[in-house]
1. Between the DSSP loop rule and a limit of at most 13 other Cβ atoms within 10 Å, which chymotrypsin sites (Phe, Trp or Tyr not before Pro) in segment 102-194 are left?
2. State, in angstrom, two size descriptors of segment 94-189 derived from its alpha carbons: Rg to one decimal place and Dmax to the nearest whole number.
3. Estimate the FRET efficiency between Arg216 and Glu74 by the formula 1/(1 + (r/R0)^6), using the beta-carbon distance for r and 30 Å for R0, to the nearest 0.05.
4. At 0.36 nm per residue, and after removing the present C-alpha to C-alpha distance, how many nm does the segment from Asp121 to Leu19 gain when stretched out fully?
5. Specify the longest stretch of the chain that does not include any exposed loop site, a site being one of the GluC sites (Glu not before Pro) with a non-H, G, I, E, B DSSP assignment and at most 11 other Cβ atoms within 10 Å.
6. Can you tell me the orientation of helix 2-12 relative to the chain, as the angle in degrees between its alpha-carbon axis and the longest Cα principal axis, to the nearest 10?
7. Give me the net charge for the shell around Asp26: Cβ to Cβ below 12 angstrom, other residues only, Lys and Arg +1, Asp and Glu -1.
8. Taking the alpha-carbon distance from Lys147 and a cut-off under 13 Å, which aspartates and glutamates remain once sequence neighbours fewer than 8 residues away in the same chain are dropped?
Amino acid sequence: GFDLMLISFKVAEDPRVLLPAMTCLDAFVCTHTFEPVDVPSQEEIDAFLPPYKPRHVKLDPEDPWTLGPFGVPEYYQEIRYTQHLAMKNAEKVIDEVFKDFEKRFGRKYQKVNPYKVEDADIIFITIGSASGTTKEFVDKARKEGKKVGAIKLTVLRPFPFKEILPLIKNAKTIAILERNISMGYGGAVYADLAGAIINEKDRPLLLDFILGLGGRDITFKDLEEILSVCEDVIKGKKVERPVWIGVNKELIP
């Protein structure tokens, strides 16, 4: 989380982007847990992320800026279009900043982190702390002869379409672990990924699994259930999505 805070500021302050950035952390367990961290010195951090010097803090008729505009209909669409272009620029800037951070601090980050996906029939897609548990579960499943892999997403916006598509095209089922719920629809990452692959000729079946809400732990038992559902789907069973995992029906009136 600390590293990504530094990275987020550097990306957001880049003149090709100049957009807000949000760094998210799993609530409850992660936020209430102590762990050792390696914090760079202030001098190293300042070298990577020097003080921000905005070039739009004064009125300049030769270089006009408008901050936080709403805009009338004649201008608003163009405002949103330029924000879209800035977000597209962030794709390249994020890669550049990741490489710069690795060079300075020796810690590597990338938008998409594949794990044993080369021959996987079933691929778990995760964000955040559940990724570590999922990697261990993949190792366990592999020892049992099951072709399972995992992909951890580090960046959600801009959504890393180009990086994900080559990794999942040969899989049979993609299990998206969603620690969120878009009421009346399903998981947010599912919606993004479904939109990304809809026009692809070779595309796997996507399933969104809702679990771990409110900081509830995601366990091997949950992942076993998800894997079982995916195996049933591959065999032809119909499943209604989103699939809720770990719901305690006794608490529901």
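Computed from the coordinates by the stated procedures, all read-outs in this text should not be read as laboratory data. Note that the structure is predicted; figures quoted are calculated from it, not measured. Here Cβ is always computed from backbone atoms with ideal geometry, including for glycine, and neighbour counts include all displayed protein chains.
1. Listed in order of number, the matching sites are Tyr185.
2. Looking at segment 94-189, its Cα Rg and Dmax stand at 14.4, 45 Å.
3. 0.05
4. In short, 32.9 nm is gained.
5. Details: sites that count: Glu62, Glu118, Glu144, Glu200, Glu240.
Longest stretch, sites excluded: 1-61.
6. Approximately 50 degrees, to the nearest 10.
7. On the way: positive: Arg179, Arg216; negative: Asp217.
Taking every other residue near Asp26 into account, the sum is +1.
8. Lys147 reaches Glu118, Asp119, Asp121, Asp139, Glu231.
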